[in-house]
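Some notes on the structure that comes next.
The values are calculated or read from the model by the stated rules, or taken from the named source; none is laboratory data. Quick caveat: nothing in here was measured; it's all calculated off a predicted structure. Note that each Cβ is placed from the backbone with ideal geometry, even for glycine, and that neighbours are counted across all protein chains shown. Surface areas here come from the heavy atoms of the whole protein model, side chains and all, with no ligands, DNA or RNA. Shrake-Rupley method; radii C 1.70, N 1.55, O 1.52, S 1.80 Å.
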Protein chains: 2
Amino acid sequence: MPRAHNSSGPPRPSEELDGRRAAILDAVVAEYVETAQPVGSAAVARSAGVGVSPATVRAEMVALEREGYLTQPHTSAGRIPTDLGYRFFVDHLSEPGVLGPTQRSQVARFFSQVRGEMEEVLERTSALLAELTSHAAVVVGPSHDTARIVSAQVVRLASRVGLVIAVLDDGAVEKATVEFDDDLADESLSVASAALAERFVGLALREVRAEEPIGLDPLSASIVTRSLEAVASIAERREPEHVFIGGSSRIASSFDAVETVRSVLATLEQQLVVVHLLNDVLDSGLSVAIGGEHGYEPLASCAVIVAPIAIEGAPSGVVGILGPTRMNYPEAMAAAEVVSSKLSRRFASVRHGESDPDEPRRG
Amino acid sequence: MPRAHNSSGPPRPSEELDGRRAAILDAVVAEYVETAQPVGSAAVARSAGVGVSPATVRAEMVALEREGYLTQPHTSAGRIPTDLGYRFFVDHLSEPGVLGPTQRSQVARFFSQVRGEMEEVLERTSALLAELTSHAAVVVGPSHDTARIVSAQVVRLASRVGLVIAVLDDGAVEKATVEFDDDLADESLSVASAALAERFVGLALREVRAEEPIGLDPLSASIVTRSLEAVASIAERREPEHVFIGGSSRIASSFDAVETVRSVLATLEQQLVVVHLLNDVLDSGLSVAIGGEHGYEPLASCAVIVAPIAIEGAPSGVVGILGPTRMNYPEAMAAAEVVSSKLSRRFASVRHGESDPDEPRRG
DNA sequence: GTTGGCACTCAGTAGAGTGGAGTGCCAAAC
DNA sequence: GTTTGGCACTCCACTCTACTGAGTGCCAAC
């Protein structure tokens, strides 16, 4: 997988790092992720995989700093990985990263117990992922763009208030209340429902167009017209995919600066932005966006990990982890991977009417 | 309105504060809310409503401290209101508190423009309230406990997967996917839908009981049975009222201690806890709970302001504001009041099929 | 090329000194 | 007797200084 981001920092490595430098960089990342303190040459030399003295490490660190992988908070401090350093670390992970046994059983337990509608599952999954990683987690459900309407009807809530309901074949239900000028007769409602069903079943939401009904009595016609408008307005409002955010309180523990915490949380509040962010990262072909790579200023000190949810091969949402750049990438990536694939399988099997392997068949 | 909380701090005022002490307390609260700095006697003496010298103010402040209304971070610092001090301040507000013109027009604009289903309105209202007050805001919609089913049906999502849909007369739609052992025939679906409608329309969700259908062909009977179970399970799951939280990022600006921020945010993540908190406060007859008054430890440094949403006199949800005890109570209370009453009116009129006064009739 | 030795740098900490905001007390004024 | 100005006192917050130690960069020796 080629590195796909286009950083513009002046110092760029002329060639790949040799094994020793890579090992030193790895050691710095590992140590810094754990301690949050700048890492000195002694600590690196002590770490496994680096068989040289501190003096040699120092020389290499100078090179790594010149090439932009490390930085020094100040002279006479240890080194900290730069975004580029993390990038190299992530791109050259030797092992895919695994979850601990506790986490694995947590995931297994979750997916064997969770029940209910997709929305509820996704919501709870975001909490699971946050719990697993100790970072904020985002789960975006499938877009309803391609889902087709399997049922459309209008029912009466009050004498002059109706509710138009469209059921999509992915299990979503869209609705809109409509106020009418006249009392709703049962008969008109049935006629209108039938007309709605006839026109809309089989269409995707965005294919819905409001059009004049023909050949109906005036009252039913007006109901149909208003209901058509309502369905069309649902499509227009194009309610973006539902976004579920779990563990946002973890953000507070991740950054020292209160202002950073505030701005990251504020960004998370804008669900549309979050969806775009995740999709951008996904589209760029990366599974990790570090620091400025994603281009969202307020999240410049964050790393984003994404993993697509794919139902029958079709991209159907995404799970994401949002934490400080100083995060345990292998673990977080593994968590995102596992959870997204579990979700994918869960929904694929539901759609097929097969039972999920995780979900014990109920008697 | 008598003070309804039962604090257990040892120092309690033997009698009410006289006018001067009250004025001094008010001045301390006002100043501290604005500056976040301990307030000295000079500042109090300078403030309008207190016509005495700093020396006199000092003497009174000693008394106020002895009686538990004020506290001193350290000798030779100014005074800070205690929770009891804020309580007195709130209980003895002379004017009800008003919103500024900007805020008023913001509210007016919002309610004249906002459209869509109740959930969407509530969601956006929580953002409005957060914006108005610069604090986190919570909006809890009406419970569906008493809502009656106006429509029930089952539709096919896949050959062996159905979706049971129940429409409630408050406009909510509940659903549950059901997996069947056999392919779903159109006819069985109609039969099952009819059976569901016959049994459930008119009932409240919690009145729904799974019962054996009689007099149906085996396939339809099994669909009905499973669907009945599904509806019953919806009722059991008793999805709590939807909770909408806006502006949680404001928490980060409200407290100095990161740990406080984290724990408050973590509490907000538990939506059930938030609902209980608001309802507890509401039930206690208060509109404000300050510091420890509500009994939720992690929110001990917060104040909670609530205002009920009442549709046709029936309690139908609540709006809340969550901020530091050092908050502008009159303004926040006014905001909660205005927003809750606007919401109440909006939904009352929708239910009646009348147009809301805020909402311009569309041509 | 690698290493130990060494001088150097600089954040962080601790201690001393200072300024100032604010208090508590008291005697004089009202 | 209530209020007030005066005054000594307290103690935080800030600054300055000195010191420590982690960690570096350089260099000569291996």
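Summary of values
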{"read-out": "Failed condition for B:PHE88, given (1) within 16 Å of DNA strand D (Cβ to nearest atom); (2) at pLDDT 95 or above; (3) not hydroxyl-bearing (Ser, Thr, Tyr)", "value": "(1)"}
{"read-out": "Residues located in the range A:44-77, provided they are within 11 Å of DNA strand C (Cβ to nearest atom), outside any helix (DSSP H, G or I) and small (Gly, Ala, Ser)", "value": "A:GLY51, A:SER53, A:SER76, A:ALA77"}
{"read-out": "Residues located in the range A:294-321, provided they are out of contact with any Lys or Arg (no Cβ under 9 Å at 6 or more places or on another chain), within 26 Å of A:VAL28 (Cβ to Cβ) and of a type in the set (A, V, I, L, M)", "value": "A:LEU299, A:ALA300, A:VAL304, A:ILE305, A:VAL306, A:ILE321"}
{"read-out": "Any hit, the range B:142-158, residues being assigned to a strand (DSSP E or B), out of contact with any helix residue (DSSP H, G or I) (no Cβ under 8 Å at 6 or more places or on another chain) and within 11 Å of chain A (Cβ to nearest Cβ)", "value": "yes"}
{"read-out": "Number of the condition not met by B:GLY171 [criteria: (1) surrounded by 17 or more Cβ atoms within 10 Å (Cβ to Cβ); (2) closer than 30 Å to A:ALA348 by Cβ]", "value": "(2)"}
{"read-out": "Filter result for A:ARG209 (within 34 Å of the chain's Cα centre (by Cα) and away from chain B (no Cβ under 12 Å))", "value": "yes"}
{"read-out": "Residue in the range B:242-283 that is nearest to the other protein chains (Cβ to nearest Cβ), counting only those that are open to solvent by 50 Å² or more (accessible area, probe 1.4 Å) and within 23 Å of A:THR125 (Cα to Cα)", "value": "B:ARG262"}
{"read-out": "Residue check for B:ALA137: closer than 30 Å to B:LEU268 by Cβ, touching a residue at least 60 places away in the same chain (Cβ under 8 Å), within 36 Å of the chain's Cα centre (by Cα) and open to solvent by less than 20 Å² (accessible area, probe 1.4 Å)", "value": "yes"}
{"read-out": "Some residue of the range B:293-300 being within 14 Å of another protein chain (Cβ to nearest Cβ) and either at pLDDT 95 or above or part of a helix (DSSP H, G or I) (or both)", "value": "yes"}
{"read-out": "Search result, residues across the range A:245-279 that are of a type in the set (Asp, Glu) and not in a loop (DSSP other than H, G, I, E, B)", "value": "A:GLU259, A:GLU269"}
{"read-out": "The one condition in (1) more than 18 Å from B:ILE290 (Cβ to Cβ); (2) at pLDDT below 90; (3) within 16 Å of DNA strand C (Cβ to nearest atom) that B:PRO11 fails to fulfil", "value": "(1)"}
{"read-out": "Residue list for the range B:314-340, restricted to those being modelled with pLDDT of 95 or more and of a type in the set (S, T, N, Q)", "value": "B:THR325, B:ASN328, B:SER340"}
{"read-out": "Lone qualifier among B:VAL338, B:VAL319 - being in contact with a helix residue (DSSP H, G or I) (Cβ under 9 Å, 6 or more places away or on another chain) and part of a helix (DSSP H, G or I)", "value": "B:VAL338"}
{"read-out": "Selection status of B:GLU187, acidic (Asp, Glu) and more than 10 Å from every other protein chain (Cβ to nearest Cβ)", "value": "yes"}
{"read-out": "Conditions (1) outside any helix (DSSP H, G or I); (2) within 26 Å of A:SER316 (Cα to Cα); (3) without any contact (Cβ under 8 Å) to a residue 60 or more places away in the chain: number failed by A:ILE214", "value": "(2)"}
{"read-out": "Every residue from the range A:193-219 that is of a type in the set (D, E, K, R) and closer than 17 Å to A:ALA230 by Cβ", "value": "A:GLU198, A:ARG199, A:ARG206, A:GLU207, A:ARG209, A:GLU211, A:GLU212"}
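This table checks each residue for (1) within 14 Å of B:VAL167 (Cα to Cα); (2) of a type in the set (A, V, I, L, M).
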| residue | (1), (2) |
| --- | --- |
| B:SER190 | no, no |
| B:GLU198 | yes, no |
| B:VAL201 | yes, yes |
| B:PRO218 | no, no |
| B:THR225 | no, no |
| B:VAL231 | yes, yes |
| B:GLU241 | no, no |
| B:SER249 | no, no |
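Conditions (1) buried (at least 21 other Cβ atoms within 10 Å of the Cβ); (2) within 9 Å of DNA strand D (Cβ to nearest atom); (3) in contact (Cβ under 8 Å) with a residue 24 or more places away in the chain, marked per residue:
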{"site": "A:ALA27", "(1), (2), (3)": "no, no, no"}
{"site": "A:VAL44", "(1), (2), (3)": "yes, yes, no"}
{"site": "A:VAL52", "(1), (2), (3)": "no, no, yes"}
{"site": "A:GLU67", "(1), (2), (3)": "no, no, yes"}
{"site": "A:ARG79", "(1), (2), (3)": "yes, yes, yes"}
{"site": "A:LEU84", "(1), (2), (3)": "yes, no, yes"}
{"site": "A:LEU99", "(1), (2), (3)": "no, no, yes"}
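For (1) under 29 Å from A:ARG326 (Cα atoms); (2) at the interface with chain B (Cβ under 10 Å from one of its Cβ atoms); (3) of a type in the set (Ser, Thr, Tyr), each residue gets a yes or a no:
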{"residue": "A:VAL107", "(1), (2), (3)": "yes, no, no"}
{"residue": "A:VAL139", "(1), (2), (3)": "yes, no, no"}
{"residue": "A:ALA166", "(1), (2), (3)": "no, no, no"}
{"residue": "A:ALA176", "(1), (2), (3)": "no, yes, no"}
